[in-house]
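The values are calculated or read from the model by the stated rules, or taken from the named source; none is laboratory data. The model shown is predicted, which means the values in this text are computed figures rather than measured ones. As a convention, Cβ positions derive from the backbone with ideal geometry for all residues, glycine included, and neighbour counts pool all protein chains shown. In case anyone asks, the SASA skips ligands and DNA or RNA and just uses the protein heavy atoms, side chains included. Shrake-Rupley method; radii C 1.70, N 1.55, O 1.52, S 1.80 Å.
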Amino acid sequence: DSLVEGETGSATVQVTTTPDGRFVLDVVTVYRDFTMDGVHYVNGTETITNEGGNAGPVTWHSNLIVTDTDGDLVGSRITSPGGFTVTVLNAFVGEIAYAGYMTSVIDGETYHPPVPTR
């Protein structure tokens with residue numbers, strides 16, 4: 001585990017690699033009132049899992065909220081209960097597939113990943 005220091009709060013990051021250290025298998029981050037600017041505070045968890053080494057599917061599990069100094073919600077990122085998975089089907093032509101969803105909201109604007117091209 002490593003601790004990322006912000007202005008206040010904490011972000012604890014745990015990275016798991018293959019035994020030989022060549023590939024990252026997952027990254028788990030826990031935010032507790034974490035801020036770098038003293039204005040926006042992040043709370044929640046995010047996990048990214050690499051299921052296939054260098055070319056396998058990658059899955060995000062996110063449940064993050066961002067509040068301002070008054071405690072008002074200004075942002076979030078959530079994924080479906082099974083996570084949001086991106087799988088490269090054919091790297092040569094940029095063919096990818098998504099499973100689940102990821103939604104990010106920043107200052108009232110909603111963002112989704114781009115539609116896969118085929």
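Only one entry of 29, 87, 79 meets the criterion of being closer than 17 Å to residue 10 by Cα, hydroxyl-bearing (Ser, Thr, Tyr) and in contact (Cβ under 8 Å) with a residue 12 or more places away in the chain, and that entry is 29. Going by the conditions given, is residue 73 in contact with a Lys or Arg (Cβ under 8 Å, 6 or more places away or on another chain) and either over 23 Å from residue 28 (Cα atoms) or among the hydrophobic types (A, V, I, L, M, F, W, C) (or both)? So residue 73 does not fit the description; no. Can you say whether residue 29 is open to solvent by less than 50 Å² (accessible area, probe 1.4 Å), in a strand (DSSP E or B), modelled with pLDDT of 90 or more and among the polar types (S, T, N, Q), as far as the supplied structure shows? The answer is yes for residue 29. Any residue that is closer than 20 Å to residue 12 by Cβ, of a type outside the set (Phe, Trp, Tyr), free of Cβ contacts under 8 Å to residues at least 24 places away in the same chain and crowded, with 17+ Cβ neighbours inside 10 Å - is there at least one of those in the stretch 61-70? Yes - at least one qualifying residue is present in the stretch 61-70.
In the condition set (1) closer than 17 Å to residue 9 by Cβ; (2) of a type in the set (A, V, I, L, M); (3) in a strand (DSSP E or B); (4) more than 18 Å from the chain's Cα centre (by Cα), residue 39 is compliant with all but (3).
Given the criteria crowded, with 16+ Cβ neighbours inside 10 Å and at pLDDT 95 or above, does residue 45 qualify? Considered against the rule, which asks whether it is crowded, with 16+ Cβ neighbours inside 10 Å and at pLDDT 95 or above, residue 45 comes out as no. Only a single criterion out of (1) part of a loop (DSSP other than H, G, I, E, B); (2) open to solvent by 40 Å² or more (accessible area, probe 1.4 Å); (3) on the phi < 0 side of the Ramachandran plot is not satisfied by residue 21, namely (3). Counting the residues of the stretch 55-90 that are outside any strand (DSSP E or B) and either over 18 Å from the mean Cα position of the chain (by Cα) or of a type in the set (Asp, Glu) (or both) gives 6.
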